[in-house]
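Read-outs: derived from the displayed coordinates by stated rules, not from any lab. Just so it is clear, the model here is predicted, and its values are computed rather than measured. Note: ideal-geometry Cβ built from the backbone for every residue, glycine included; neighbour counts use all protein chains shown.
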Amino acid sequence: MRWLLLLPLLAACDAFTAPADARPYIPPPEFTGLWQRVEQCSGHSGDFARVRWYVTDGPLELDGTAKAGVWEKPHSIYMLESYIVDAYRDYVAVRHEMIHDLTQSGAHGHEFTDCDALTLN
């Protein structure tokens, strides 16, 4: 009977279903350096090698909202292909998902604001 009390909590969890066309992605070498810079600015550390990357042509949605990227516990990142190759925007969407993995949270804490100014230049 107590488990019935958990149903509303379970329903409140973010619902993500990986797109059918999601395929494994091997990140380019510059992602390792980007990861290190995101670790520095966020104050969190983690193992870049544990992250499993996937790309899709889209759409990519979380709770009915279109996204450029989605992080899924424990260490999976799904990205729209058009954003994962977006070096001219300093990989903003990629950095965003890296922070989710480093914090192991779907919440948007101070790390996101702190790392907004991070650029590759």
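Taking label positions 7 Å along the Cα-Cβ direction at both Phe112 and Gln36, the computed distance is 2.8 nm, reported to one decimal. Put simply, when 104-112, 53-61 are sorted by average Cβ atoms within 10 angstrom per residue, most first, you get 53-61, 104-112.
Remark: spin-label model distance Ser105-His75 equals 2.1 nm, labels positioned 7 Å along the Cα→Cβ axis. For the stretch 19-114, the equivalent ellipsoid derived from the alpha-carbon gyration tensor has semi-axes of 20, 15, 13 Å in decreasing order.
Per-residue 3J(HN,Hα) values for the stretch 62-76, derived from phi via the Karplus relation 6.51 cos²θ - 1.76 cosθ + 1.60 with θ = phi - 60°, read 9, 6, x, 10, 5, 10, 7, x, 9, 9, 10, 4, x, 8, 10 Hz in sequence order (x marks Gly and Pro). Remark on Ser76: its backbone amide H falls under 5 Å from those of Arg52, a criterion applied only to residues 5 or more positions apart or on other chains, H modelled at 1.01 Å from N. Only Cα pairs under 8 Å and 6+ residues apart enter the sum, and on that basis the relative contact order of the stretch 21-121 stands at 29 percent.
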